[in-house]
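*Asks:* Handing you a structure now.
The values are calculated or read from the model by the stated rules, or taken from the named source; none is laboratory data. Source: prediction; values computed, not measured. Every residue, glycine among them, receives a Cβ derived from its backbone with ideal geometry; neighbour counts consider all protein chains shown. These area figures cover heavy atoms from the full protein model, side chains too; ligands, DNA and RNA do not enter into them. Shrake-Rupley method; radii C 1.70, N 1.55, O 1.52, S 1.80 Å.
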Amino acid sequence: MTNNIFNLIKNLKKMQRKMQEMNRDIEKMQISGESGAGLVKVVFNGENICKKITIDPSLLKEKVEVIEGLVMAAINHANYKINEKKNSDITNLTVRNLKIPF
């Protein structure tokens, strides 16, 4: 039993170090989202901060509501991709690397 507790503590410390590494990687991450077949593109970092928005000039003749909807869809797309990446990283860390059951 003592050996199991020691192994658990060892695994938790290892997981803590890996989480710190993962958080540093997330800060550097650049994720793009798009909508309207690429007419609107956004780039976010891993902390969900928008770094860039690109709107194709051909959209400028559209109604404001159309452009707003496409920008919102591109942002949602990028946020979805960020969350998927974070969830995948956490799953890989906990399940595959440390073999800790949920």
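*Asks:* Filter region 20-54 down to the residues that are touching a Leu at 6+ places or on another chain (Cβ under 7 Å) and aliphatic (A, V, I, L, M), then identify the one that is modelled with the lowest pLDDT.
*Replies:* So the residue we want is M22.
*Asks:* Right, another one. Which residue is least open to solvent (accessible area, probe 1.4 Å), if the candidates are limited to region 2-42 and must be out of contact with any helix residue (DSSP H, G or I) (no Cβ under 6 Å at 6 or more places or on another chain) and at positive phi?
*Replies:* This residue is G38.
*Asks:* List pairs: first in region 56-81 and closer than 9 Å to V40 by Cβ and in a helix (DSSP H, G or I), second open to solvent by 60 Å² or more (accessible area, probe 1.4 Å) and basic (K, R), Cβ under 8 Å, 6+ apart or cross-chain?
*Replies:* A74/K41
*Asks:* Look through region 43-57, keep the residues that are of a type in the set (A, V, I, L, M) and under 16 Å from M72 (Cβ atoms), and return whichever of them is most open to solvent (accessible area, probe 1.4 Å).
*Replies:* I53
*Asks:* For region 58-81: of the residues being out of contact with any strand residue (DSSP E or B) (no Cβ under 6 Å at 6 or more places or on another chain), at pLDDT 95 or above and open to solvent by less than 40 Å² (accessible area, probe 1.4 Å), which is nearest to Q20 (Cα to Cα)?
*Replies:* G69
*Asks:* Right, another one. Collect the residues in region 7-50 that are outside any helix (DSSP H, G or I) and among the basic types (K, R), keeping them in residue-number order.
*Replies:* Passing the criteria: only K41.
*Asks:* For region 28-39, how many residues meet the condition of being without any contact (Cβ under 8 Å) to a residue 40 or more places away in the chain and of a type in the set (A, V, I, L, M, F, W, C)?
*Replies:* Result for region 28-39: 2.
*Asks:* While we're here: Cβ-Cβ under 7 Å, sequence separation 6+ or interchain: first residue in region 40-55 and more than 23 Å from I90 (Cβ to Cβ) and without any contact (Cβ under 8 Å) to a residue 24 or more places away in the chain, partner of a type in the set (A, V, I, L, M) and surrounded by fewer than 15 Cβ atoms within 10 Å (Cβ to Cβ). Which pairs?
*Replies:* Here the result reads none, with nothing in region 40-55 linked to a residue that is of a type in the set (A, V, I, L, M) and surrounded by fewer than 15 Cβ atoms within 10 Å (Cβ to Cβ).
*Asks:* Give the residue that is surrounded by the fewest Cβ atoms within 10 Å (Cβ to Cβ), with candidates limited to residues of region 82-93 that are out of contact with any helix residue (DSSP H, G or I) (no Cβ under 7 Å at 6 or more places or on another chain) and touching a residue at least 40 places away in the same chain (Cβ under 8 Å). Explain how you work it out, then say what you get.
*Replies:* If we filter region 82-93 for residues that are out of contact with any helix residue (DSSP H, G or I) (no Cβ under 7 Å at 6 or more places or on another chain), which is where we start, we get 82-85, 87-88, 90-92.
Those left that are additionally touching a residue at least 40 places away in the same chain (Cβ under 8 Å): 82, 85, 90.
Working: I82: 19, K85: 15, I90: 13.
Here the answer is I90.
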